[in-house]
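One structure is given below, encoded as C-alpha cells.
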Amino acid sequence: MEETYSNLLNNSNPSVIDIKTQNYYNGLLDTLDEYRMIEVKRERLQYLYEQNQANAIKSAVPNPVGLLGVVGSTNPAKLISSIVYMAVDSYASYKSASNEAELSYLKDGWDLDDEESKALHKIRKESFNYMLDIVRQYTLPGDLSLTEETVDEFVKYKNTDSYVRRIQFLEANKNTYQYYGGYWITLAESYYLKGDYNNCLEAIQHYEEMNIDIFRYDFEYARVIPLAIDSAKRILPADQYETYAYQHVLQIFNNTKNSDWALRYYAALVLTELYGMTLKEVYLEEAYTKTLDIVNNLVDKQHSLNNAYLNPVVEEVIPPGTAKEQKKQIENYNTMLKEMRKVETAPIYEPLEITCSLLFSLADSLNVTEKERTKIDNILYSNGQRLFLTDSIPSLES
C-alpha cells in the first residue's frame, strides 16, 4: 500500500490523466492514506532493507574490480538475483530486526480492523465502476480490461513459488492478459528463472513495444532489465550483447530515481564489464561518473547516522492529537532507540560502503587527477568529520 500510494502521488504522468481518472485518483489516495505507516516506521524499514540488500550485493560481487577483465568477471546471475527480487529481501529485512524491541515496533499496527476492511471494499467497488466508465467513454474492446476475478487469479499465479506452473498459466491465458504490461514483465521473470533466455528477451521486447507511459518512471521495467541484460549475455554474440546491454543500461538510469541506488549500482557494474570486454574507455568513464552520482546521493544518510550516533538519543515527539495506535507506535520506536543505543557500534551505511569501493576502484583504473580526487574528498567529508567512524574500512578513506 505504501508503494502504491507513493507511485500514484509522485510518479503518475499528468499528461495521460483525464478528469475522471483524476477524481478516481483522489478517492483512492484518500483511502490509501489511512493505511500508510508513520514516517519513522517507513524510514526504519527502508534502512533495514537497504542494509541487507547491500550485503547481498557485496556477497555476490566482493571485488568489483574483477569486472574490468572478462576473465575475472563474477557471476552476473547471482548479482542480478540479489538486486531484482526485492520482495524477498524486504521480508528478510523485517525478520532481521536487531532486537525484540525493534521487532515489536515494526509489527505494531499491521493488522486491519473492521473499519479498514470496509474501506478496502469501497476501493474494490470504485475500481470496478471506474473500469466500466472508461471502457464506455473510450469505446474500448471489453477484452482490454480485466475483471477483479482475473486480477485475483493473475496475482495468485504471480506469487506462486513454481515458475513452471506460473509459465503454464500465463501461456494458457495469453488472450486474457496480453494487453496488460505486467503480464509480459511476469512472463519475462518466469522464463529467466527457467533458463529460457530467448523467450525472456522476447517477453521484454513485447513489453517495450507497448510503449506504456502511465508513469514518469517505469520502475517495474527497470527492475527486470538486469534479467534482460543477463539473458542477452548468454545467447547473443559479443557485439550484439554490447549494443543491447548499453542501450538497456541507459533505460535503467532513465527509469529510476536517485534513491534507486541498487539498480544504478548494477548499471555501473555493467558499464565496467563492457569496458573489460571492449577496452573502450568511454564505458569506464561513464561508469565512474554514474558511480560518483550514486555516492553523492548516499553520503547524507551516512552523515545523518553519524550525527545520531555521536549525540544523545533524540526521542520522536508525539504531536498533540495523535491517534492512539500511532502514539503507541512512536512510544515503541523511542523504546527501541534506547535499547539499541546500549549495544550499537559506529554505523556503516552499507549501500554507501560498497558504492565507495566501486568508485575508488574506478578512480584508480582511470588514474583520475588530483583535482578529481579532491572533489571526491569534498563530497565525502562534512565539516571535517570522517565519513565512516569505524577503523574497520580504512580503504575507503582517500
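Values for this structure:
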| quantity | calculated |
| --- | --- |
| Hits in region 204-232 (condition: within 19 Å of LEU263 (Cβ to Cβ) and among the hydrophobic types (A, V, I, L, M, F, W, C)) | ILE204, ILE212, PHE215, PHE219, ALA222, VAL224, ILE225, LEU227, ALA228, ILE229, ALA232 |
| Answer residue from region 24-42, given it is under 24 Å from GLU316 (Cα atoms) and loosely packed, with under 13 Cβ neighbours inside 10 Å and is farthest from the chain's Cα centre (by Cα) among those | GLU34 |
| Residue in region 179-194 that is under 23 Å from the mean Cα position of the chain (by Cα) and within 30 Å of LYS280 (Cβ to Cβ) present | yes |
| Selection count where residues are among the hydrophobic types (A, V, I, L, M, F, W, C) and more than 28 Å from the chain's Cα centre (by Cα), scope region 321-348 | 2 |
| Residues being under 21 Å from ALA308 (Cα atoms), among the hydrophobic types (A, V, I, L, M, F, W, C) and surrounded by fewer than 21 Cβ atoms within 10 Å (Cβ to Cβ) - total across region 351-387 | 1 |
| Segments classed as helices (runs of 4 or more DSSP H), wholly inside region 250-349, with at least 2 members that are within 22 Å of GLN46 (Cα to Cα) and without any contact (Cβ under 8 Å) to a residue 12 or more places away in the chain | 281-310 |
| Some residue of region 309-316 being among the charged types (D, E, K, R), within 30 Å of MET336 (Cβ to Cβ) and touching a helix residue (DSSP H, G or I) at 6+ places or on another chain (Cβ under 7 Å) | yes |
| Residue list for region 297-345, restricted to those being among the aromatic types (Phe, Trp, Tyr) and under 17 Å from PHE388 (Cβ atoms) | TYR309 |
| Qualifying positions in region 355-384 - under 20 Å from TYR275 (Cα atoms) and of a type outside the set (Ser, Thr, Tyr) | CYS356, LEU358, LEU359, PHE360, LEU362, ALA363, ASP364, LEU366, ASN367, VAL368 |
| Residues within region 283-307 that are within 24 Å of LYS342 (Cα to Cα) and either surrounded by 15 or more Cβ atoms within 10 Å (Cβ to Cβ) or among the β-branched types (Val, Ile, Thr) (or both), tallied | 5 |
| Pair list, Cβ < 7 Å and 6+ apart or interchain, from region 103-123 residues that are farther than 19 Å from ARG44 by Cα to residues that are in a helix (DSSP H, G or I) | ALA119/THR31; LYS122/THR31; ILE123/LEU28; ILE123/THR31 |
| Test: VAL155 is among the aliphatic types (A, V, I, L, M), more than 21 Å from the chain's Cα centre (by Cα) and assigned to a helix (DSSP H, G or I) | no |
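Residue-by-condition table, conditions (1) farther than 26 Å from VAL155 by Cα; (2) at pLDDT 95 or above:
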| position | (1), (2) |
| --- | --- |
| ASN198 | no, yes |
| GLU202 | no, yes |
| GLN205 | no, yes |
| ASP213 | no, no |
| PHE219 | no, no |
| LEU236 | yes, yes |
| TYR246 | yes, yes |
| LEU250 | yes, yes |
| ASN254 | yes, yes |
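Condition check ((1) modelled with pLDDT of 90 or more; (2) assigned to a helix (DSSP H, G or I); (3) out of contact with any helix residue (DSSP H, G or I) (no Cβ under 7 Å at 6 or more places or on another chain)) across all residues:
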{"position": "LEU358", "(1), (2), (3)": "yes, yes, no"}
{"position": "ASP364", "(1), (2), (3)": "yes, yes, yes"}
{"position": "VAL368", "(1), (2), (3)": "yes, no, yes"}
{"position": "ASP391", "(1), (2), (3)": "no, no, yes"}
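The values are calculated or read from the model by the stated rules, or taken from the named source; none is laboratory data. As the structure is a prediction and not an experimental result, all values here were calculated from the model. Backbone-built Cβ (ideal geometry, glycine too); neighbour counts: all protein chains shown.
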